[in-house]
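What follows is one structure encoded as structure tokens, with my remarks underneath.
The values are calculated or read from the model by the stated rules, or taken from the named source; none is laboratory data. Not measured: the values here are computed from a predicted model. Using ideal geometry, Cβ is built from the backbone for each residue, glycine included, and neighbour counts are taken over all protein chains shown. These area figures cover heavy atoms from the full protein model, side chains too; ligands, DNA and RNA do not enter into them. Shrake-Rupley method; radii C 1.70, N 1.55, O 1.52, S 1.80 Å.
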Amino acid sequence: MKLKALNGFKDILPGETELWRQVEDRARDVFARFNFAEIRLPILEKTELFARSIGETTDIVEKEMYTFIDKQITLRPEATASLLRAYIEHGLYVQKPVQRLFTVGPMFRHERPQQGRLRQFHQMDAEVLGSANPRVDAELMTMGSMLLAELGLNVSLELNSLGCPACRPAFRESLLSFLGSRQDALCEDCKRRSVTNPLRVLDCKNPNCRAIVADAPSIQEHLCPECATHFQAVQDGLDQLGIVYSLNKFMVRGLDYYCRTTFEFITADLGSQSAVCAGGRYDGLVEQLGGPKAPGIGFAMGMERLVLLLLQKEQKIEPPAEIDIFIAGLGGDASRLAFSLMQGLRKAGARVTMDLDARSLKSQMKQADKAGARHVLMIGEEELAKKAGMLRNMATQEQREIPFGDEGLRMLLEATAAGR
RNA sequence: GUGGGCGUGGCCUAGUUGGUUAGGGCACCUGGUUGUGGCCCAGGAGGUCGUGGGUUCAAGUCCCAUCGCCCACCCCA
């Protein structure tokens, strides 16, 4: 096998696409109920956009981006940056004080692939721009929660606040001094993280580090009054809407732009990639990218992770019959008639197919069965002589004559409609 | 970037201490029904055993190299 897809890039084959569509259709339905409008974005942007929004020193920007170096353009590693760029570029903030937008599509990160992690993966992103109201946070999480619930997935919501530029530095200092005194006990990764990104030590998976960090200062207790008020209001909103969540003071997010509210919907059924949906608030980012003072919050859902979970549930989705009528033509003349009859039925809206190779009737019946055909219209020498085809209902095995011509076409369409 | 595991027809796989034409299941095709699907039966097509080299009278099996995939670390949806 010479030509194959790149490592970390996957074909989504027929059979699986059905599940993907279920996920996406359900998402569009839920997003619509929450009054979100779709926005479609390019997947290539100037490298600078991602560097400035995600953060120059994040792993994503430092080593995971697919960049055309000579052109200084990059395949998007996430959607928020592009969405904000479009929001600013088209002055969407002028048209409506609060914009609620969603987008669906592929993202690219050059990471080592593993379960639930690909180099091209797909996300559904929802963002609310122009409001700092904590109810927006609660509403957005509610939307995510509803979608996951309607997909039948068992996930839990974890909530934290990362503070803001006013209070995070003080917390950082206090955390740094705490870590400083325990350097020797930390794992190698955490020693490194203590320097590069101390908050990251909080969510280390190493049990030893977890034990140490259990006594670390809590970000939730270091919030400034404004952030504390906001955080409490978010929780009140979730409580009011009946959304169950748990506070997790160890949860940090990887992207630089997050502030205040951060959250993750996590599952125990995906190996180590446990987050199926995650997001947070990013007040100040729009401004930082050259836009107005518009606060924002959003989340991203990993579609292949959702699909993996749905596949695990083994809820065998009976594929619906896909074909209304299979026309079995026996012999050259019948096959020729079937060919034009098929087109007439398709024009009238029916799903029709036939065996263009006109193999044996037995073979054609098998094909019809496999295609999930509800009816088979048989046309052989007898039928040609009688000027009427034989219509077989595949479920009931009943057969009846259908005359050629307009009257017959009407009967076929009736049978088709009744079968659906 | 770092570790571990695995590569046998389209898919899942058997292959014992190296020993005749690499076996089975699913799927596919044909026939059993001179024109009737699902079940069953019979037959058929389909494989450079990831690739290259080495050891040997003999390699799917042993050795080396290489490529690919998977899982985990890292990171994150």
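Scanning region A:233-261 for residues being touching a strand residue (DSSP E or B) at 6+ places or on another chain (Cβ under 6 Å), more than 17 Å from residue A:131 (Cα to Cα) and aromatic (Phe, Trp, Tyr) gives a total of 1. Which of the residues belonging to region A:344-354 are in a loop (DSSP other than H, G, I, E, B) and either of a type in the set (Val, Ile, Thr) or surrounded by fewer than 20 Cβ atoms within 10 Å (Cβ to Cβ) (or both)? Within region A:344-354, A:348, A:349, A:351 meet the criteria.
Residue under question is residue A:63, and the condition is that it be open to solvent by 70 Å² or more (accessible area, probe 1.4 Å), within 12 Å of RNA strand B (Cβ to nearest atom) and free of Cβ contacts under 8 Å to residues at least 24 places away in the same chain; does it hold? It is false that residue A:63 is open to solvent by 70 Å² or more (accessible area, probe 1.4 Å), within 12 Å of RNA strand B (Cβ to nearest atom) and free of Cβ contacts under 8 Å to residues at least 24 places away in the same chain. Across region A:375-388, the qualifying residues are those that are near RNA strand B (Cβ under 9 Å from one of its atoms) and either within 15 Å of residue A:342 (Cα to Cα) or hydroxyl-bearing (Ser, Thr, Tyr) (or both), and the one among them that is surrounded by the fewest Cβ atoms within 10 Å (Cβ to Cβ) is A:378. Restricting A:298, A:271 to those that are within 13 Å of RNA strand B (Cβ to nearest atom) and open to solvent by less than 40 Å² (accessible area, probe 1.4 Å) reduces the list to A:298. Residue A:13 meets each of the listed conditions (1) within 16 Å of RNA strand B (Cβ to nearest atom); (2) over 18 Å from the mean Cα position of the chain (by Cα); (3) open to solvent by 70 Å² or more (accessible area, probe 1.4 Å) apart from (2). Condition check: polar (S, T, N, Q) and farther than 24 Å from residue A:225 by Cα. Does residue A:160 satisfy that? Spelling it out, it is not the case that residue A:160 is polar (S, T, N, Q) and farther than 24 Å from residue A:225 by Cα. Remark: pairs (first residue in region A:185-209, open to solvent by less than 10 Å² (accessible area, probe 1.4 Å); second residue within 7 Å of RNA strand B (Cβ to nearest atom); Cβ separation under 6 Å; 6+ apart in sequence or on different chains) = A:190/A:204; A:201/A:193. No other residue among A:256, A:324, A:283 is outside any helix (DSSP H, G or I) and away from RNA strand B (no atom under 14 Å from the Cβ) apart from A:283.
Within region A:162-202, the residues that satisfy the criterion of being in a loop (DSSP other than H, G, I, E, B), in contact with a helix residue (DSSP H, G or I) (Cβ under 9 Å, 6 or more places away or on another chain) and more than 11 Å from RNA strand B (Cβ to nearest atom) are A:162, A:163, A:164, A:166, A:167, A:182, A:186. Evaluating residue A:41 against the criteria (1) at pLDDT below 95; (2) surrounded by 16 or more Cβ atoms within 10 Å (Cβ to Cβ); (3) of a type outside the set (Ser, Thr, Tyr) leaves one unmet condition, (1). Looking only at region A:240-276, filter to residues that are among the hydroxyl-bearing types (Ser, Thr, Tyr) and within 23 Å of the chain's Cα centre (by Cα); which one of those is farthest from residue A:196 (Cα to Cα)? My answer is A:245. For the criterion of being of a type in the set (D, E, K, R), within 16 Å of RNA strand B (Cβ to nearest atom) and not in a helix (DSSP H, G or I), residue A:205 passes.
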